[in-house]
Amino acid sequence: MDPIDKSAPIFVAGHRGLVGSAVIRKLQYLGYTNLLLRTHSELDLTIQLAVDDFFAAHKPYYVILAAAKVGGIHANNTYPADFITVNLQIQTNVITSAFKHNTKKLLFLGSSCIYPKFAPQPIPENALLTGPLEPTNEWYAIAKISGIKMCQAFRLQHSFDAISAMPTNLYGPNDNFHPENSHVLPALLRRFHEAKVNNVAEVVVWGSGKPLREFLHVDDLADAVVFLMENYSGLEHVNVGSGKEVSIKELAELVKDVVEYKGEIVWDSSKPDGTPRKLMDNSKLAALGWDAKISLKDGLQDTYKWYMENVVNQQ
């Protein structure tokens, strides 16, 4: 992004989600003043005519495409048609309208689930399409892969400056803390908090605690998004990760510490562990000059504070 022109119109699609809201915070902090924001009720991105009319009227100079239909394993298994259709519609409508109405640059956000189930670790960008996907979220993954390929196709055929970024596991303000549908980190925060409040003697966590996972604070991702808009223009998508792994056991201990829960952690090793390791190869982005800055402990404290203020105190 041209750092001089802070008044250029920027459309952040999906601005109320975990990623989109972080991108907005970052842009506002940097002094960008012309942010084009529409809620789902104001602009349904699955309706091609509505999207095209919006682009014709407002002519966004930059587009950050963070809008998507997302969910956990249960949701992906229950609504496969919704996951593939809605995401393909959103991507197709936004990318084609951006090109048609002369957007200068577009950044498409994907997900680490695009990679094969048994990809090498750490996962390099060129592992894409080298093996079968994880069956539980292949509908979402195939939509996201299509988004990357669409950006590449528009670059190849029309020289449209469309780039893609693939973030690792994200967490932070505006995360989903739903009891059943949340990811591992917000789920642990909620469970330890509720155990503390209710004076429960122990918290049972699934598995052995041995699997390794990588987490990135969503404000770090937002920083990387702006960095890539300013510094990257290429055909291949770019992984965005912290480059640091933590075992589920270490994560649970850290959450326990942040929440100040005094009871015991019990590991239910009869429950599945999932993939033993899932780390992104972050070397391409690091070579461009970007590294994550927020430590996991600082990020957890920030997220717990947000949870207390926005979830617990709103109940």
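For segment 274-314, count the residues as N, evaluate 2.2 N^0.38 Å, and divide the Cα radius of gyration by that value, please.
Numbers: Rg = 15.5 Å, N = 41, 2.2 N^0.38 = 9.0 Å.
So segment 274-314 has a normalised radius of gyration of 1.72.
With a sphere of radius 12 Å drawn around the Cβ of I294, what net charge do the other residues whose Cβ falls strictly inside it have (Lys, Arg +1; Asp, Glu -1)? Each step should come with its number before you reach the end.
Numbers: positive: K244, K293, K297; negative: D219, D220, D223, D291, D298, D302.
Combined, the nearby Lys, Arg, Asp and Glu give -3.
May I ask for the Kirkwood hydrodynamic radius of segment 170-260, worked out over all distinct Cα pairs and given in angstroms to one decimal? Walk me through the numbers on the way to the answer.
Details: mean 1/r = 0.0662 Å⁻¹.
Every distinct Cα pair counted, the radius reaches 15.1 Å.
Quick one: with all protein chains in place, what share of the accessible area of the chain is carbon or sulfur, to the nearest percent (1.4 Å probe)? Present the calculation step by step, with values, prior to reporting the outcome.
Numbers: 7720 of 14550 Å².
Answer for the chain is 53 percent, counting heavy atoms of protein chains only.
List, in order, the whole-Hz ³J(HN,Hα) value for each residue of segment 186-195 obtained from phi through the Karplus relation with A = 6.51, B = -1.76, C = 1.60 and θ = phi - 60°; use x for Gly and Pro.
So the Karplus estimates, Gly and Pro as x, are x, 4, 5, 4, 5, 5, 5, 5, 5, 5 Hz.
Grab every C-alpha pair in segment 20-135, bin the distances at 10 angstrom width from 0 up to the longest one, and report whole percents.
P(r) over segment 20-135, rounded to whole percents: 11, 35, 33, 19, 2.
Indicate, rounded to the nearest 5 percent, the antiparallel portion of the DSSP beta bridges found entirely in segment 172-315. Can you show the working numbers first?
Details: 3 of 10 bridges.
Here the antiparallel bridges make up roughly 30 percent for segment 172-315.
With just the Cα atoms defining each centre, how far is segment 210-246 from segment 42-89? Give it in Å.
22
Can you tell me which of 168-175, 95-102 comes out highest on packing, and rank the rest after it, using the mean Cβ neighbours within 10 Å? Could you put the intermediate results ahead of the total?
Working: 168-175: 20.4, 95-102: 18.2.
Taking the mean over residues of other Cβ atoms within 10 Å, the ranking is 168-175, 95-102.
Using every pair of alpha-carbon atoms in segment 208-249, split the distances into 10 Å bins beginning at 0 and state the percent of pairs per bin, rounded to integers.
Spelled out per bin, shortest first, that is 24, 40, 24, 10, 1.
As a test of the formula, what do you get for the chain when each DSSP H run with n ≥ 4 contributes -39,500 (n - 2.57) and the sum is divided by the residue count, at 222 nm and rounded to the nearest 500 deg cm²/dmol? Show your work: numbers first, answer last.
Numbers: 10 runs with 133 residues, N = 315.
That calculation yields -13500 deg cm²/dmol at 222 nm.
Highest GNM mean-square fluctuation, the chain, Cα pairs closer than 10 Å: which of V12, V238, V204?
Among V12, V238, V204, the largest mean-square fluctuation in the Gaussian network model of the chain belongs to V204.
Could you give me the percent of Cα pairs per 20 Å distance bin for the chain, shortest bin first, beginning at zero and ending with the bin that holds the maximum distance?
Calculated over all Cα pairs of the chain, the distribution is 32, 58, 10, 0 percent.
Rg and Dmax of segment 51-114, Cα atoms, in Å?
Over segment 51-114's Cα set, Rg and Dmax evaluate to 13.6, 39 Å.
Could you compute the longest span of the chain free of GluC sites (Glu not before Pro) located in DSSP loops and having at most 16 other Cβ atoms within 10 Å, not counting the site residues? Spell out each step's value before the answer.
Working: sites that count: E42, E180, E236, E260.
So the longest stretch without any such site is 43-179.
Along the Cα-to-Cβ line of K262, 7 Å from the Cα, sits a label point; which residues in segment 187-203 have backbone N less than 16 Å from it?
Hits in segment 187-203 for K262 at 16 Å: 193-203.
Taking H placed 1.01 Å from N in the peptide plane, check which residues at least 5 places from V240 or on another chain put their amide H under 5 Å from its amide H.
For V240, whose amide H was placed from the backbone, the distant partners under 5 Å are M166, T168.
V197 to F118: FRET efficiency via 1/(1 + (r/R0)^6), r the Cβ-Cβ distance, R0 41 Å, to the nearest 0.05? Intermediate values should be presented prior to the final figure.
Details: r = 41 Å, r/R0 = 1.00.
The pair V197/F118 has a calculated efficiency of 0.50.
Once the Cα gyration tensor of segment 188-315 is found, what semi-axes does its equivalent ellipsoid get, as square roots of 5 times the eigenvalues, in whole Å, sorted largest first?
Values: eigenvalues 204, 73, 21 Å².
Its equivalent ellipsoid spans semi-axes of 32, 19, 10 Å.
Considering only the chain, what is the antiparallel percent among its DSSP beta bridges, to the nearest 5?
Details: 3 of 31 bridges.
So the antiparallel bridges in the chain amount to around 10 percent.
The values are calculated or read from the model by the stated rules, or taken from the named source; none is laboratory data. Note that the coordinates shown come from a computational prediction; the quantities given were computed from them, not determined experimentally. We place every Cβ from the backbone using ideal geometry, glycine too, and count neighbours over all the protein chains shown. To get the accessible areas, we keep the full protein, side chains included, count just its heavy atoms, and leave off ligands, DNA and RNA. Shrake-Rupley method; radii C 1.70, N 1.55, O 1.52, S 1.80 Å.
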